[in-house]
Amino acid sequence: MRSLSGDLLLQRLGEQPDDKLHKRLYNAIRTSILDGSLPPSSRLPASRDLAQELRLSRNTVLTVYEQLLAEGYVLARAGSGTFVAETVPDSCLSAVSAPAGSDGEQRRIELSARGSTLLHHASASPKQWGAFIPGVPDVNAFPHQLFSKIQARISRRPVPQRLTYSNQGGSPELQHALVDYLRVARSVRCSPEQILITEGIHQAIDLVTRMLCNPGDDAWIEEPGYWGIRNILRMNDVNICPLGVDEAGMVPPEQPTGSPRLIFVTPSHQYPLGSVMSLARRQRLLALARNGGSWIVEDDYDSEFRFSGQPIPALQGLEADAPVIYIGTFSKTLYPALRLGYVVLPKPLMTALKTAHAELYRGGHLLIQTALAQFIQEGHYTAHIRRMRLLYARRRAFLTALIEQHLGKQALSEFNNNAGLHLILNLPDEADDVAIAAAAAARGVLVRPLSRYYMLPNHRRGLLMGFACVPEEQMAAAFTLLLQCITAP
């Protein structure tokens with residue numbers, strides 16, 4: 001069997017000038033070490049094997065190995081073989097020249113205007129685990145072994161349809177499983193054909209925006225609201241119209257001057273403040289959408305985690321054939337790296353958006369989607385949510401007690417409705433929540449400044465604090481560090 005190293009060296013031999021074989025082989029190996037193609041500590045093929053692969057005499061290979069060993073490029077380990085040295089001689093450091101015409105200068109990169117705008121507004125945290133990162137569940141509590149067994153069972157004899165591209169909007173098994181789950185858990189009205197499986201909420205919003213908006217169209221969003229929606233709208237040249245939020249949710253204008261193409265809302269648990277949209281406000285939004293030809297995009301990102309009271313039904317199921325595009329995700333209930341979300345499409349949009357999804361994104365992951373369908377159908381999903389709801393309720397209560405003990409009840413948001421995976425810690429108007437968050441991050445505590453969720457200049461100051469992935473025994477120490485950052489002069 002040919003080795004990767006042998007294939008590499010055979011190619012490099014052909015690139016060497018016509019010279020003696022041992023010199024060509026020496027240069028091929030040396031160049032491969034210097035440019036990293038043969039990384040430090042990697043094992044070279046045995047001399048006999050390499051000679052057979054390259055059709056050279058073994059003496060030629062031995063001669064080259066001995067020369068490389070003498071010069072410090074390789075190390076010989078008795079009984080183990082020949083390995084690339086961890087460090088190469090100092091004289092080699094300039095041996096690999098820069099590409100012709102580069103003069104050592106880096107090529108100037110010119111991004112598009114929208115690409116530069118995206119980077120200017122980028123808000124994704126470089127770290128996604130630890131106290132008190134918002135929106136991240138306890139991924140250690142997921143039943144990984146159970147889910148792996150389901151995956152292994154499906155993978156033993158996979159049918160071809162699960163190993164190719166998906167052009168039907170995802171796994172039929174998962175589409176059917178979601179219909180039953182959403183009907184019971186969220187009062188969502190839909191058929192399997194209306195469900196489109198996506199790689200998370202961002203892909204879903206991007207698809208909806210591309211397919212339903214022309215450049216310059218208006219989209220209403222919540223103020224404050226999720227930064228990810230704003231970035232996707234910017235990339236698609238949509239005009240963003242931020243509307244304020246109160247205890248009843250988004251506040252639409254009394255006399256709209258025009259109809260937006262899209263209305264983005266988080267009615268069950270407003271992100272990030274946490275208010276719940278009232279029935280009257282929901283009915284008003286539905287009427288505005290129907291009369292103006294708008295589509296409401298309902299982001300139901302963490303509705304499973306309510307720790308008191310009755311579950312709040314989805315806006316989508318409030319009326320038959322509502323002009324609502326319902327979006328959900330498994331990132332909060334299972335784990336983010338699963339990269340699975342779903343869209344419940346209104347029937348008039350079903351065919352067009354499924355076709356567009358197949359054209360733009362080439363859907364796949366059907367094996368894991370099928371495994372998730374069985375995980376849901378066998379009752380493991382709802383059982384997991386019940387366990388996590390109890391766990392998160394304890395952690396939320398623990399963090400709430402810490403805040404009240406050290407900062408008083410006024411430090412908690414007025415929309416503190418005992419739901420979700422994060423809390424809002426209020427700060428005085430004169431506080432710099434961006435600087436506090438940066439100082440906390442430098443000490444290993446991950447919070448997000450509330451002011452970054454606003455578009456308009458008149459914004460509140462505060463910190464988003466996630467509690468889902470932080471065990472109680474770690475909260476007190478992390479909170480003490482955060483307090484030091486808040487109270488520092």
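For P313, are the conditions met, namely being in a loop (DSSP other than H, G, I, E, B) and either more than 29 Å from H144 (Cβ to Cβ) or open to solvent by 50 Å² or more (accessible area, probe 1.4 Å) (or both)? Spell out the reasoning first.
On the way: in a loop (DSSP other than H, G, I, E, B): yes; either more than 29 Å from H144 (Cβ to Cβ) or open to solvent by 50 Å² or more (accessible area, probe 1.4 Å) (or both): yes.
Judged against the criteria, P313 is a match.
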Exercise. For R306, state whether it is surrounded by fewer than 19 Cβ atoms within 10 Å (Cβ to Cβ) and of a type in the set (D, E, K, R).
Key: no
If you go through L233, L196, L174, L182, the only one that is touching a residue at least 24 places away in the same chain (Cβ under 8 Å), open to solvent by less than 20 Å² (accessible area, probe 1.4 Å) and out of contact with any helix residue (DSSP H, G or I) (no Cβ under 8 Å at 6 or more places or on another chain) is L182
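Residue-by-condition table, conditions (1) without any contact (Cβ under 8 Å) to a residue 40 or more places away in the chain; (2) open to solvent by 80 Å² or more (accessible area, probe 1.4 Å):
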site	(1), (2)
K20	yes, yes
S37	yes, no
P45	no, no
V64	no, no
Out of (1) modelled with pLDDT of 75 or more; (2) open to solvent by 70 Å² or more (accessible area, probe 1.4 Å); (3) part of a loop (DSSP other than H, G, I, E, B), the one V136 does not meet is (2)
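Go through the residues of the range 431-441 one by one and say whether even a single one is part of a loop (DSSP other than H, G, I, E, B) and either at pLDDT 95 or above or over 16 Å from A131 (Cα atoms) (or both). Spell out how you get there, then give the answer.
First, the residues of the range 431-441 that are part of a loop (DSSP other than H, G, I, E, B): 431-432.
With the extra rule that they be either at pLDDT 95 or above or over 16 Å from A131 (Cα atoms) (or both), the set shrinks to 431-432.
Yes: one or more hits.
When you scan the range 140-171, how many residues do you find that are open to solvent by 90 Å² or more (accessible area, probe 1.4 Å) and either hydroxyl-bearing (S, T, Y) or part of a helix (DSSP H, G or I) (or both)?
Initially, the range 140-171 is screened for residues open to solvent by 90 Å² or more (accessible area, probe 1.4 Å), giving 140, 145, 149, 153, 156-157, 160-161, 163, 165, 167-168.
The next check asks that each one be either hydroxyl-bearing (S, T, Y) or part of a helix (DSSP H, G or I) (or both); those that pass are 140, 145, 149, 153, 156, 160-161, 165.
Adding up the residues that qualify gives 8.
Here's a check for you: in the range 388-402, which residue that is more than 24 Å from the chain's Cα centre (by Cα) and touching a residue at least 40 places away in the same chain (Cβ under 8 Å) is farthest from T333 (Cα to Cα)?
Just the residues of the range 388-402 that are more than 24 Å from the chain's Cα centre (by Cα), to begin with: 390, 393-394, 397-402.
Then drop every residue that is not touching a residue at least 40 places away in the same chain (Cβ under 8 Å), which leaves 393-394, 398-399, 402.
On the way: A393: 14, R394: 17, F398: 21, L399: 20, L402: 25 Å.
Looking at the filtered set, the residue picked out is L402.
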Screening G379, G328 for residues that are open to solvent by 20 Å² or more (accessible area, probe 1.4 Å), modelled with pLDDT of 95 or more and of a type outside the set (A, V, I, L, M) leaves only G379
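The values are calculated or read from the model by the stated rules, or taken from the named source; none is laboratory data. Remember, it's a predicted structure, so these values are computed and weren't measured experimentally. Neighbour counts run over all protein chains shown; Cβ positions are idealised from the backbone, glycine included. In case anyone asks, the SASA skips ligands and DNA or RNA and just uses the protein heavy atoms, side chains included. Shrake-Rupley method; radii C 1.70, N 1.55, O 1.52, S 1.80 Å.
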